[in-house]
Amino acid sequence: MALLPYALTRPFLFGLDPEQAHDLTLDTLARIQHTPLMCAIRQTRVDDPVTVAGLRFPNRIGLAAGLDKNGRCIDGFGALGFGFIEVGTVTPLAQPGNPKPRMWRLTEANALINRLGFNNDGLAAFIANVQRAKFRQQGGILGLNIGKNAATPIERAVDDYLTGLDGVYPHADYVTVNISSPNTQNLRTLQSDAALDSLLGAVHSRREQLAAQHGRRVPVFVKIAPDLDDAQVGVITATLRRHGIDGVIATNTTIARDAVKHLPNGNETGGLSGAPVAAASNRVIAQLRAELGASYPIIGVGGVMTAADAVAKLDAGADLVQLYTGFIYGGPELVTAAARALRAARA
């Protein structure tokens with residue numbers, strides 16, 4: 001059990017600019033993750049093993065991509081009880097992302113808006129950080145999330161994804177192809193029929209080459225948006241099957257604003273996360289499960305603010321659940337509470 005309850009630190013962090021609080025948290029965690037100071041926040045991992053996509057997950061609760069874009073704090077987050085951690089999104093080249101300010105808390109709605117824009121230190125630095133982490137050796141599952149550089153024309157996006165896949169493949173338990181961030185221009189067009197078919201066909205071919213080269217087959221997941229109608233989800237499910245993609249992550253942030261447009265900063269451009277995205281995420285998960293069948297791996301993410309929200313993801317059809325905004329609002333205690341609730345729900 002953590003010695004320092006999150007309730008004591010949250011008022012200080014929420015008194016800062018959201019991105020400043022984010023950077024301070026990561027900087028602190030990076031400094032203390034391999035020191036005795038971690039005992040102040042360390043939590044015992046809930047034991048609830050499950051096998052998904054051929055991987056044995058220690059429990060069903062994971063950290064979503066985007067919180068640790070550069071993979072600097074894998075072991076720090078691993079000490080908070082997560083069964084799996086996903087880091088990134090990483091792009092081949094370092095890039096600063098979009099101009100600041102680019103993150104807002106909407107506390108009245110238990111939500112965030114961000115338009116960070118894949119700000120990261122690039123593939124080489126990312127891989128170096130991943131190689132230093134001990135999380136995988138300690139039984140955790142590590143997902144590495146790849147995307148395209150903002151300066152890369154959309155018609156050459158495949159090149160960036162293949163570069164990312166080549167780089168992260170030897171170091172990943174699974175790889176996520178992120179085609180659903182709203183903060184890189186035209187990225188979501190890759191979810192359309194022809195573009196998705198081309199991208200996933202290329203990823204499948206390259207993964208087969210890498211599997212032969214490295215002697216291990218690393219599962220590939222695709223992360224999709226909540227802002228898809230039934231027909232679009234149907235196209236995606238057919239394309240995932242056609243190209244042998246191992247799983248899907250549903251969902252990323254939403255561009256919808258109906259739930260928050262009346263709030264200060266509620267109409268800021270970017271991706272909305274937190275409580276307002278829960279229903280849309282669960283709708284997409286349910287359709288994916290209905291169309292992909294009972295055994296196809298689905299990771300549910302979006303609006304998990306409580307342990308009950310995590311159970312709702314499983315009820316919608318997810319096998320595993322990820323946290324991001326809920327972790328910011330609820331802290332490490334939510335990891336343990338959600339993992340226990342999922343274990344009880346499947347007992």
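Does the stretch 261-278 contain at least one residue that is under 22 Å from THR51 (Cα atoms) and of a type outside the set (Lys, Arg)? Within the stretch 261-278, not a single residue is under 22 Å from THR51 (Cα atoms) and of a type outside the set (Lys, Arg). For the stretch 81-111, a residue qualifies if it is surrounded by 24 or more Cβ atoms within 10 Å (Cβ to Cβ) and among the aliphatic types (A, V, I, L, M), and the qualifying residues are ILE85, VAL87, VAL90, ALA111.
Residues of the stretch 186-205 include at least one that is more than 14 Å from VAL222 (Cα to Cα) and among the hydrophobic types (A, V, I, L, M, F, W, C).
Only one residue in VAL158, VAL87, VAL130, VAL168 is under 18 Å from the mean Cα position of the chain (by Cα), β-branched (Val, Ile, Thr) and farther than 30 Å from GLU333 by Cα, so which one is that? Show your work before the answer.
Details: VAL158 fails: under 18 Å from the mean Cα position of the chain (by Cα); VAL87 fails: farther than 30 Å from GLU333 by Cα; VAL130 fails: farther than 30 Å from GLU333 by Cα.
Exactly one residue qualifies, and that residue is VAL168.
Of everything listed in (1) among the acidic types (Asp, Glu); (2) surrounded by fewer than 16 Cβ atoms within 10 Å (Cβ to Cβ); (3) within 30 Å of ALA345 (Cβ to Cβ), the single unmet condition for ASP68 is (2).
For the structure I just gave you, tell me whether VAL220 is under 26 Å from GLY54 (Cα atoms), surrounded by 15 or more Cβ atoms within 10 Å (Cβ to Cβ), touching a Pro at 6+ places or on another chain (Cβ under 9 Å) and not charged (D, E, K, R). Answer is no for this residue. Give the number of residues within the stretch 332-347 that are crowded, with 18+ Cβ neighbours inside 10 Å, of a type in the set (A, V, I, L, M, F, W, C) and over 15 Å from PHE84 (Cβ atoms). Total meeting the criteria: 3. ILE245 meets each of the listed conditions (1) among the hydrophobic types (A, V, I, L, M, F, W, C); (2) more than 26 Å from GLY331 (Cα to Cα); (3) surrounded by fewer than 18 Cβ atoms within 10 Å (Cβ to Cβ) apart from (3).
Tell me, which strands (runs of 3 or more DSSP E) wholly within the stretch 95-214 include 3 or more residues that are more than 24 Å from PHE82 (Cα to Cα) and of a type outside the set (D, E, K, R)?
Working: elements: 103-106, 111-114, 141-146, 174-178.
So the answer is 103-106.
In the stretch 157-178 there is no residue that is at pLDDT below 90, crowded, with 18+ Cβ neighbours inside 10 Å, in contact with a strand residue (DSSP E or B) (Cβ under 7 Å, 6 or more places away or on another chain) and not charged (D, E, K, R).
Which one is nearest to GLY88 (Cα to Cα) among residues in the stretch 267-291 that are touching a Lys or Arg at 6+ places or on another chain (Cβ under 6 Å) and touching a residue at least 40 places away in the same chain (Cβ under 8 Å)? Steps first, please.
Narrowing the stretch 267-291 to residues touching a Lys or Arg at 6+ places or on another chain (Cβ under 6 Å): 267, 269-270.
This time we only want the ones that are touching a residue at least 40 places away in the same chain (Cβ under 8 Å), so: 269-270.
Working: THR269: 21, GLY270: 18 Å.
The qualifying residue nearest to GLY88 (Cα to Cα) is GLY270.
Checked against the criteria, ILE255 counts as more than 30 Å from TYR169 (Cα to Cα) and either surrounded by fewer than 20 Cβ atoms within 10 Å (Cβ to Cβ) or at pLDDT 95 or above (or both). Closer than 16 Å to TYR296 by Cα, under 17 Å from the mean Cα position of the chain (by Cα), part of a loop (DSSP other than H, G, I, E, B) and in contact (Cβ under 8 Å) with a residue 40 or more places away in the chain - does that describe any residue in the stretch 219-227? Yes, the stretch 219-227 contains at least one residue that is closer than 16 Å to TYR296 by Cα, under 17 Å from the mean Cα position of the chain (by Cα), part of a loop (DSSP other than H, G, I, E, B) and in contact (Cβ under 8 Å) with a residue 40 or more places away in the chain.
Scanning the stretch 1-53 for residues that are assigned to a loop (DSSP other than H, G, I, E, B) and either within 19 Å of the chain's Cα centre (by Cα) or surrounded by 15 or more Cβ atoms within 10 Å (Cβ to Cβ) (or both) gives ALA2, GLN33, ILE41, ARG42, GLN43, ARG45, VAL46, ASP48, ALA53.
The values are calculated or read from the model by the stated rules, or taken from the named source; none is laboratory data. Since the structure is predicted, the reported quantities are computational estimates derived from the model, not experimental observations. All Cβ positions, glycine included, derive from the backbone under ideal geometry; neighbour counts span all protein chains shown.
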